[in-house]
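Quick notes on the structure that follows.
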Amino acid sequence: MPDAPEPACSALGCRLFDDPTHAFEAVLESKPLVVGIGEAHAQKGSEGLASTTARFTQQLLPWLAPKSSDIVIELMEPDSKCLKTVEKVREEQKPVTQEQAGSNQNEFITLGTRAKESGVQPHVLYPSCEQFDRIVKAGPDSVFVMLDTIAVLTEQKAKAILVRNHEAGDPRLVLLYGGAAHNDLVPRPGRESWSYAKNLQGFTKQRYVEVDLIVREYIKDTEVWQQLPWYPHFDKTSHRDKFVLFNPAPASYVLIFPASGAR
């Protein structure tokens, strides 16, 4: 008896692809100037899986590199003058970072190295001592202030690159890579200040797109995932060997990788 056909992938503009570059061609159809790429960070216990960052570095960066001038990566490089404050910030971050895989930061560094080797100029974020002080002084809200700071610094760097490219007549993409809370055009209520997206959409005159990259195995039946607009329309057991692309809203995409080992 033949296997039952898999359910159609049609909700929220769903499309199936055999490789990630064809999926990204769909993302770039509107000819954006900025692509805000957000990921679900690797968590402890997932070390046996290739992370989102590693997959982007290996599968998508080589294709995007000739089309891109710069990539801004969510890594904060502290001023040497405020190292004591930085240590306090790291302590405040522990409730968030202790659940993440220890390799995350190194993989961001590797992404920057590979980008530079490919001709894409990498940038990290340089918060001032005053910005670090604000994070520490926020007490229980320090993580929220840190997320605000990441959004502000990313936006500032992206705008500076866009101005430079415009003056040089350089039409290439500016890539922004970090957590999926920062690239949202329509953030969840209360998280508006964590995202640079709306301001950059205005700055580029609507030439901004966001795309979230998701490792299929990271998706869990929890409230955090259930709140995402595409979650009710995604079946982890179907199309396991395909790249699944959702388009939940204008200029907003979600790309889910195939199941590990399914290809």
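One line per residue, one yes/no per condition, for (1) without any contact (Cβ under 8 Å) to a residue 60 or more places away in the chain; (2) closer than 23 Å to Glu107 by Cβ; (3) aliphatic (A, V, I, L, M):
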| site | (1), (2), (3) |
| --- | --- |
| Phe144 | yes, no, no |
| Leu147 | yes, yes, yes |
| Ile150 | no, yes, yes |
| His182 | no, yes, no |
| Trp194 | yes, yes, no |
| Gly202 | yes, no, no |
| Leu213 | no, yes, yes |
Any chance Tyr196 is hydroxyl-bearing (Ser, Thr, Tyr), under 16 Å from the mean Cα position of the chain (by Cα) and surrounded by fewer than 22 Cβ atoms within 10 Å (Cβ to Cβ): no
Residue in region 61-79 that is assigned to a helix (DSSP H, G or I), at pLDDT below 95 and in contact with a strand residue (DSSP E or B) (Cβ under 6 Å, 6 or more places away or on another chain) present: no
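Scan region 220-240 for residues that are in a loop (DSSP other than H, G, I, E, B), without any contact (Cβ under 8 Å) to a residue 60 or more places away in the chain and surrounded by fewer than 21 Cβ atoms within 10 Å (Cβ to Cβ) and jot them down. Break it down stepwise before answering.
Going residue by residue through region 220-240, those that are in a loop (DSSP other than H, G, I, E, B) are 220-222, 227-230, 234-240.
Add one more test, that the residue is without any contact (Cβ under 8 Å) to a residue 60 or more places away in the chain, and what stays is 220-222, 227-228, 234, 236-237, 240.
Listed by number, the residues that qualify are Lys220, Asp221, Thr222, Gln227, Leu228, Lys236, Thr237, Arg240.
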Of the criteria (1) in contact with a strand residue (DSSP E or B) (Cβ under 8 Å, 6 or more places away or on another chain); (2) under 28 Å from Cys9 (Cβ atoms), which one Ala259 fails: (1)
Filter result for the condition that a residue is within 24 Å of Leu228 (Cβ to Cβ) and either modelled with pLDDT of 75 or more or in contact with a strand residue (DSSP E or B) (Cβ under 9 Å, 6 or more places away or on another chain) (or both), over Gln100, Gln105: Gln100
Residue count, region 53-74 (criterion: more than 20 Å from Ser195 (Cα to Cα) and touching a residue at least 12 places away in the same chain (Cβ under 8 Å)): 15
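From Tyr253, Tyr208, grab the single residue that is surrounded by 14 or more Cβ atoms within 10 Å (Cβ to Cβ), touching a Gly at 6+ places or on another chain (Cβ under 7 Å) and modelled with pLDDT of 95 or more.
Sole residue among the options that is surrounded by 14 or more Cβ atoms within 10 Å (Cβ to Cβ), touching a Gly at 6+ places or on another chain (Cβ under 7 Å) and modelled with pLDDT of 95 or more: Tyr208.
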Residue tally, condition over 20 Å from Trp230 (Cα atoms) and in a loop (DSSP other than H, G, I, E, B), over region 166-213: 10
Phe243 vs. criteria surrounded by 14 or more Cβ atoms within 10 Å (Cβ to Cβ), in contact with a Phe, Trp or Tyr (Cβ under 6 Å, 6 or more places away or on another chain) and either farther than 21 Å from Gly179 by Cα or in contact (Cβ under 8 Å) with a residue 40 or more places away in the chain (or both): yes
Any chance Ala180 is out of contact with any Pro (no Cβ under 6 Å at 6 or more places or on another chain), more than 27 Å from Gly119 (Cα to Cα) and among the small types (Gly, Ala, Ser): no
Test: residue in region 152-159 that is buried (at least 17 other Cβ atoms within 10 Å of the Cβ), more than 24 Å from Ser30 (Cβ to Cβ) and modelled with pLDDT under 95: no
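The values are calculated or read from the model by the stated rules, or taken from the named source; none is laboratory data. Everything numeric here is computed off the predicted structure, so don't read it as measured data. We place every Cβ from the backbone using ideal geometry, glycine too, and count neighbours over all the protein chains shown.
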